[in-house]
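Visitor: Let me give you the structure first, and then I'll get to my questions.
The values are calculated or read from the model by the stated rules, or taken from the named source; none is laboratory data. What you see is a predicted model; the values in this text were computed from it and never measured. Here the Cβ positions follow ideal geometry from the backbone for every residue, glycine too, while neighbour counts run over all protein chains shown. With ligands, DNA and RNA removed, areas are computed over all heavy atoms of the protein, side chains included. Shrake-Rupley method; radii C 1.70, N 1.55, O 1.52, S 1.80 Å.
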Amino acid sequence: MIQSAGCSRGFDGTLNVFPNEIDWIGHKPVVLNGPCLNEGETAKCRFYDPNGNQSGFSMVPALIEGSDSSTKFICGTPYFYTTGRIKIELAIFNSSNIESNKYTGYINIVSPKKTGNGLKFSLSTIDANGVLMKFNWSIENFENSTGQNVVPKISIWLLKWGLGSVQNNTYILEGSKLSGDLTTENGYSNDTYITDKASFLCQVDPNNLISRIAIVAINAEYDSVDKLRPDDYFTYITGPQVDQIITYVCNNSVLAQMCNGWIQIAQPVGALTTCPPTYNITEYDSNWISDPTCSNYNPECIYNPGADSCVIFSAANQQGSSQQCCYKDEKIFIEVPGGGRAQLYHPSISAGLKHFAYDNLGWFSCCSKQDATLCEKFINLRPSSTVDNNPPGISASYGEPHFVTYDGFRYTFNGLGEYWLLKNNPEQPVAFQARTEQVKSSDGISQVSGITAFVMKSENSSKIQIQQSNIRTADIYIDDVLLDGPFDLDHELDLTGVHIKIAQNLKNFIVSFADGMTFTITPYIRAFGIEVLISSDFKGNKTSGLLGVYNGNSSDDLTLPNGTILPINSTAAEIYFNLKAWNIAKNESLFYYTDGNTYDTFNGQPFSPVANYDPSKVTPEMTALCGGDQFCLFDYVITGDPNFANETKILGNKLSETIKALQEQIPLCSMLTKPENGYVNLETYIPPATLNYFVTLIHGMALNPFYLYVAMFFYYRFHYVSYKRQ
């Protein structure tokens, strides 16, 4: 963490915010540094939450500590309804309480960590009136400011918000403390008996369905918080199993009413990305991320019984929706009620509130304990995942720099400056630019270049810039603001139109756009390596730039900005002199220039690169390391550095492995069409599979012969069929 020292009288920069990341539960203090205060001045913090209350921000008073030359501002954070980057304003008020100045900073809002806090609970139904809840936790996780263990107070809060058209924003309508504080000892709570469950928990008004129940532990001895209303600070929360309270406390008839109420306000989901047929493919396709409700961190899979693991598309689409894909025994798992399904709202939207209310709440009330007829209503609105063997396209660049286009053409381009790797256009909305600088060899500066910075942005997204750093592995800028650490753990950020995953200690960055592109950036010795996945929707002459034209035909991959196609058998020198045309113009640059640099610092400089390596200089040591890998040999001969060449070889091998995994063709059964009366239930589309065919019969009418024919067809194709007549 880079922290500014003291304060500045003429401060005009971005506030330093510590910690720079908290979860959406909020109610923790943040410390702001930057400006100094004059005598008699006070301060307040504004937290701008796009999905928060109707004013657009929450304002809280700032606690001011320090001296004239070293001032810090401590502000309590509210409950957040947005994950991603939130703007903070520090408003300064003079002695007449008139706002005289304001400064801006940012904080990243993330989902609560799924492991580590140690707070757990169990549920059991007692009778028709109540539920028994028992709590336990790791006592060492609850410490005061002096490091002594303390006994936390536990409260259960009911958070509700409207689902109807009246409520467009997601903010709390009510927060009710159900149980009061508990008397606790030795890490276990007394038994807690919740009564009057129908009025508290089982809502049947579709405009006022429960969206989340939070069980929280309050640590009143948190350092400095005693000055900032300590009873409002939630420092621990249980995992997603808390949602099971609804099914524990509501009987089937109430759940049926809740299901029908949910059906009234639920909306269907539009077209979504199809699922990879096997879990192995998702491990190579970085468009997909682990679903925290069904993963190694949460193997119970409460929303997906029967599944081993699930993934979701990393970024919400333009409508805010997402596809969930689940797997059992490594194969796609679609069986109702536990299979993967469409999601109207991506879990990152509104801090997961909308996803729970419009997706998971429907599943709990319609499918968790209900019969097939009621669950069918849910499935009609949240259909099972579809699957195909239509992988994304993949391109890459690494080394000095070497390029592999989407259609598999391999070449080296040692341009010096800033270039279009992917140029945006009306059919392809993501702009992707790279900066190259001269690479150092073992004996000084060499006449080759390597990529040292990237910047990317889609039409409706935040701008992401990643560049080499003088003080750490890399710097990342979000809309021209530096993202500060620490980075000792994995980080995930949901921003406007883009999801970022930062590996521990900045080992790599995965940037996924809602438009269907994902960039995996890997820092290494002297330059960056990059893999770019692009949805097959963009196949067909929709891309341009140094990564080529994605159309299945490599012969046009060296297309120039004016449409001229350079033959792919051109010499390295011809490729260099012609592809320089992809140099970005000053008015096209998306880069944020730091440390006094400008566009002219990196562009228009004289440079005569080495077009190819001299085979006569290949030594036995080079051959032993690289074998027949031409990119590896190029980098070894030119730089004389075996470590640099080895990393080129490693990245090339990884690319080949990824391409092989993504292009594997898995045998699949045909997609099934829903019948007019009933539905089909299939465990997987990978044969052999078992089909259950549910047909709703209208009283007094015979089974339609067409359905009997279909059932017989699936009997022979899938080896087994069972009927349920309802």
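Visitor: Which one is nearest to Thr520 (Cα to Cα), of the residues in segment 264-299 that are among the small types (Gly, Ala, Ser) and either touching a Gly at 6+ places or on another chain (Cβ under 9 Å) or modelled with pLDDT of 85 or more (or both)?
Guide: Filtering segment 264-299 for residues that are among the small types (Gly, Ala, Ser) and either touching a Gly at 6+ places or on another chain (Cβ under 9 Å) or modelled with pLDDT of 85 or more (or both), the one nearest to Thr520 (Cα to Cα) comes out as Ser286.
Visitor: If you take the residues of segment 592-611 that are more than 26 Å from Thr639 (Cβ to Cβ), open to solvent by less than 70 Å² (accessible area, probe 1.4 Å) and aromatic (Phe, Trp, Tyr), which of them is nearest to the chain's Cα centre (by Cα)?
Guide: Tyr593
Visitor: In addition: Identify, please: which residue in segment 279-291 is open to solvent by less than 20 Å² (accessible area, probe 1.4 Å) and over 13 Å from Gln324 (Cα atoms) and is, among those, farthest from the chain's Cα centre (by Cα)?
Guide: Ile281
Yes or no, residue by residue, for (1) in contact with a strand residue (DSSP E or B) (Cβ under 9 Å, 6 or more places away or on another chain); (2) surrounded by 22 or more Cβ atoms within 10 Å (Cβ to Cβ):
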position	(1), (2)
Ser536	yes, no
Thr543	yes, yes
Val549	yes, yes
Leu560	no, no
Gly563	no, no
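Visitor: May I pose another question? Within segment 489-506, work out how many residues are open to solvent by less than 30 Å² (accessible area, probe 1.4 Å) and out of contact with any Gly (no Cβ under 8 Å at 6 or more places or on another chain).
Guide: 8
Visitor: In addition: In segment 524-534, which residue that is under 25 Å from the mean Cα position of the chain (by Cα) and open to solvent by less than 20 Å² (accessible area, probe 1.4 Å) is farthest from Ile466 (Cα to Cα)?
Guide: Ranking the qualifying residues of segment 524-534, first place goes to Ile534.
Visitor: When you look at Glu41, is it modelled with pLDDT of 90 or more and surrounded by fewer than 20 Cβ atoms within 10 Å (Cβ to Cβ), yes or no?
Guide: Yes: the conditions hold for Glu41.
Visitor: Considering only residues that are under 30 Å from Pro667 (Cα atoms) and touching an Asp or Glu at 6+ places or on another chain (Cβ under 8 Å), which ones fall in segment 248-274?
Guide: Thr274
Let's see how each residue does on (1) surrounded by 24 or more Cβ atoms within 10 Å (Cβ to Cβ); (2) part of a loop (DSSP other than H, G, I, E, B); (3) at pLDDT 90 or above:
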site: Cys301; (1), (2), (3): no, yes, no
site: Ala315; (1), (2), (3): yes, yes, no
site: Gln318; (1), (2), (3): no, yes, no
site: Gln323; (1), (2), (3): no, no, yes
site: Cys326; (1), (2), (3): yes, no, yes
site: Lys354; (1), (2), (3): no, no, no
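Visitor: Right, another one. Hey, can you tell me all the residues within segment 429-488 that are outside any strand (DSSP E or B), open to solvent by 20 Å² or more (accessible area, probe 1.4 Å) and of a type in the set (S, T, N, Q)?
Guide: Result: Ser442, Asn460, Ser469, Asn470, Thr473.
Visitor: Continuing with this model, one more query. Do we find a residue being closer than 19 Å to Asn414 by Cα, part of a loop (DSSP other than H, G, I, E, B) and open to solvent by 10 Å² or more (accessible area, probe 1.4 Å) anywhere in segment 514-523?
Guide: No, segment 514-523 has no match at all.
Visitor: Going through segment 487-544 one residue at a time, which ones are on the phi > 0 side of the Ramachandran plot and either free of Cβ contacts under 8 Å to residues at least 60 places away in the same chain or not small (Gly, Ala, Ser) (or both)?
Guide: Asn505, Leu506, Gly540, Asn541
Visitor: Counting just the residues of segment 328-345 that are touching a residue at least 60 places away in the same chain (Cβ under 8 Å) and in contact with a helix residue (DSSP H, G or I) (Cβ under 7 Å, 6 or more places away or on another chain), which one comes out surrounded by the most Cβ atoms within 10 Å (Cβ to Cβ)?
Guide: If we take residues in segment 328-345 being touching a residue at least 60 places away in the same chain (Cβ under 8 Å) and in contact with a helix residue (DSSP H, G or I) (Cβ under 7 Å, 6 or more places away or on another chain), then Gln343 is surrounded by the most Cβ atoms within 10 Å (Cβ to Cβ).
Visitor: Follow-up. Determine which single condition Thr543 fails, assuming it passes every other condition in (1) under 30 Å from Phe313 (Cβ atoms); (2) out of contact with any Lys or Arg (no Cβ under 9 Å at 6 or more places or on another chain); (3) among the β-branched types (Val, Ile, Thr).
Guide: So the condition that Thr543 fails would be (2).
Visitor: Moving to a separate point now. Between Gly118, Gly105, which is out of contact with any Cys (no Cβ under 8 Å at 6 or more places or on another chain) and either modelled with pLDDT of 80 or more or among the charged types (D, E, K, R) (or both)?
Guide: Working: Gly118 fails: either modelled with pLDDT of 80 or more or among the charged types (D, E, K, R) (or both).
That would be Gly105, the only listed residue that is out of contact with any Cys (no Cβ under 8 Å at 6 or more places or on another chain) and either modelled with pLDDT of 80 or more or among the charged types (D, E, K, R) (or both).
Visitor: Can you name the residue in segment 617-669 that is outside any helix (DSSP H, G or I) and small (Gly, Ala, Ser) and, of all such residues, is most open to solvent (accessible area, probe 1.4 Å)?
Guide: Among residues in segment 617-669 that are outside any helix (DSSP H, G or I) and small (Gly, Ala, Ser), the one most open to solvent (accessible area, probe 1.4 Å) is Gly628.
Visitor: Output the number of residues of segment 571-589 satisfying the condition of being open to solvent by less than 60 Å² (accessible area, probe 1.4 Å) and within 17 Å of Gly545 (Cα to Cα).
Guide: Of the residues in that region, 11 qualify.
A quick yes/no check of all residues on (1) of a type outside the set (S, T, N, Q); (2) in a loop (DSSP other than H, G, I, E, B); (3) over 19 Å from Pro486 (Cβ atoms); (4) modelled with pLDDT of 85 or more:
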| residue | (1), (2), (3), (4) |
| --- | --- |
| Val31 | yes, no, no, yes |
| Cys45 | yes, no, yes, yes |
| Gly52 | yes, yes, yes, no |
| Gly66 | yes, no, yes, no |
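Visitor: Further question: Take the residues of segment 617-653 that are without any contact (Cβ under 8 Å) to a residue 60 or more places away in the chain and under 31 Å from the mean Cα position of the chain (by Cα): which is nearest to Ile394 (Cα to Cα)?
Guide: Per the criteria, the residue is Asn653.
Visitor: Determine the pairs where a residue that is over 17 Å from Ser314 (Cα atoms), located within segment 259-278, has a partner that is in a strand (DSSP E or B) and β-branched (Val, Ile, Thr) with Cβ atoms under 6 Å apart, the partner being 6 or more residues away or on another chain.
Guide: Pro277/Ile332; Pro277/Val387
Visitor: A further question on this structure: With the requirement that a residue be of a type outside the set (Phe, Trp, Tyr), open to solvent by less than 40 Å² (accessible area, probe 1.4 Å) and out of contact with any Pro (no Cβ under 8 Å at 6 or more places or on another chain), what does segment 64-83 give you?
Guide: Of segment 64-83, the ones of a type outside the set (Phe, Trp, Tyr) are 64-72, 74-78, 82-83.
Keeping just the survivors that are open to solvent by less than 40 Å² (accessible area, probe 1.4 Å) gives 71, 74-78, 82-83.
Residues satisfying the conditions are Pro78, Thr83.
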